[in-house]
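Engineer: To start, I am sharing the structure in question, which I have written as structure tokens.
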Amino acid sequence: MTLGETKAELLKEQGRKYRASTDAGVDPVIRHAAVAGNDSKPWIAHDVAKDVIGTLTRKNGLDLVAKNFVFIVQELVKRADAERNRLAEGVFDRLVNEKKLRFLLLKDDAGYRLPSKISMRKGTRKMTREDNSPLQMSLFEQVAEDGLNGDEQSVAWYFEKQEKLLWWYRNLSRQDYRLQGWRRNGIYPDFIVSRTSAADKTDFDKVFVVESKGIHLKNDDTDYKKQVFKLCNKLAELKSWTELGLEFPERKIVFELIYGDEWQKVLNRLLK
């Protein structure tokens, strides 16, 4: 960590003010609570934070540590999260390799199924095609426009123009299909899409799970999702749909994360 040599100033953290002086009060409750977050072992976070603050104080003095207290806590939180994720990934990979964790398409305790109907609140703005005509390729005739950002809407409009596509479905965050990797929060992809079978135009041969991201969102969270998608594709290649609990032995499932600067090229390749 690098400590700044700035003049004394007021720093605000969680609604409390810390004056940059030896009277600032390097609050042990704030430091270990922030580092612990939702961790089930806060006493470990307390000990780690205590050791770091103690080491920095011995090297730099209490006054300088107090001046940079908020920065130090923020860095501790970031590094604790990074280490937690690194260790979790290692355990996750080991359990997958030992076949104690398995790749399955699940929703709660049962095989995931797309909904047979959806409900929309009265007055909800409904999505249309780019020319304002009704949707034709969506699994459901009506789709709420609320919550769709510009990139997601562009992808949905693209799906509406694809002859090789049987249907597309807007996967709702916190409600529908999710992927669970080694981090705490699940991944809710934006779309689930099926490609028309060459042998039967009323059937499909592939399902694509698609997450779209703006070019400005290439960050740690996006990198994590990309890793999870890559692992899912690898494991899906080793499983038949019958093994996944689905009665479609000849079909394949593909997970794809697409960026705002290349999504059309990637989807063209997938749906060709």
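Engineer: Could you pull the Rg and Dmax for segment 160-224, using just the Cα atoms, both in Å?
Structural biologist: Cα only, segment 160-224: 14.4, 41 Å (Rg, Dmax).
Engineer: Along the three principal axes, how long is segment 59-168 when you take its alpha carbons, biggest first, rounded to the nearest angstrom?
Structural biologist: Over segment 59-168, Cα extents along the principal axes are 68, 43, 28 Å.
Engineer: Using a cut-off of 12 Å between beta-carbons, work out the net charge of the residues near ASP151 (Lys and Arg +1, Asp and Glu -1, ASP151 not included).
Structural biologist: In short, -4.
Engineer: What is the projected area of the convex hull of the Cα atoms of segment 112-197, averaged over all directions, in nm²?
Structural biologist: In nm², the orientation-averaged hull projection of segment 112-197 is 6.9.
Engineer: To continue, here is another question. Quick one: ranking ARG58, ARG79 by accessible area, 1.4 Å probe, largest first, what do you get?
Structural biologist: ARG58, ARG79
Engineer: So what's segment 39-93 giving for Cα Rg divided by 2.2 N^0.38 Å, two decimals?
Structural biologist: That works out to 1.33 for segment 39-93.
The values are calculated or read from the model by the stated rules, or taken from the named source; none is laboratory data. It should be emphasised that the depicted structure is a prediction, and the values quoted were computed from it without experimental measurement. Glycine gets a Cβ as well: all are built from the backbone with ideal geometry, and neighbour counts include every protein chain shown. Remember, those area values only see protein heavy atoms, side chains included, never the ligands or the DNA or RNA. Shrake-Rupley method; radii C 1.70, N 1.55, O 1.52, S 1.80 Å.
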